[in-house]
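Taken together, the values in this text are just the output of simple stated rules run on the coordinates, not laboratory data. As the structure is a computational prediction, the values presented were derived from the model and not from experiment. Because the Cβ atoms are built from the backbone with ideal geometry, glycine has one as well, and the counts that use them run over all protein chains shown.
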Amino acid sequence: MKEFVEYIAKSLVSDPSKVWVEEISSPKAIVLELHVAEDDMGRVIGKGGRVANAMRTLLQVASVRQGKKYMLEIVG
């Protein structure tokens, strides 16, 4: 899942070298923290949060298939 989120984010930003994903396990879910450059935050979040919500929806669909719960947090 980590690679999936990283692939999507790298295709959206202007500086893919500054994109990385940190996976944090908690008892309820696995949290994926997406780190991007400050200049690329707008591209990853999108107008009104549409891009971020689309990424979260794709992550939710993929997580159901794996039987795990994933959450996405975007960090600048």
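Mind checking which residues of the stretch 44-71 are within 20 Å of ASP15 (Cα to Cα) and surrounded by 16 or more Cβ atoms within 10 Å (Cβ to Cβ)? Of everything in the stretch 44-71, those that are within 20 Å of ASP15 (Cα to Cα) and surrounded by 16 or more Cβ atoms within 10 Å (Cβ to Cβ) turn out to be VAL44, ILE45, VAL51, ALA52, MET55.
The set of residues in the stretch 1-34 that are exposed (fewer than 15 other Cβ atoms within 10 Å of the Cβ), in contact (Cβ under 8 Å) with a residue 24 or more places away in the chain and either polar (S, T, N, Q) or in contact with a helix residue (DSSP H, G or I) (Cβ under 9 Å, 6 or more places away or on another chain) (or both) comprises SER14, ASP15, ALA29. What about VAL75, is it over 16 Å from LYS10 (Cβ atoms) and surrounded by fewer than 16 Cβ atoms within 10 Å (Cβ to Cβ)? In short, no.
Candidates in the stretch 17-57 are the residues that are outside any loop (DSSP other than H, G, I, E, B) and of a type in the set (Val, Ile, Thr); of these, the one that is nearest to GLU3 (Cα to Cα) is VAL21.
Is it the case, given these coordinates, that VAL5 is assigned to a helix (DSSP H, G or I) and under 9 Å from the mean Cα position of the chain (by Cα)? In short, yes.
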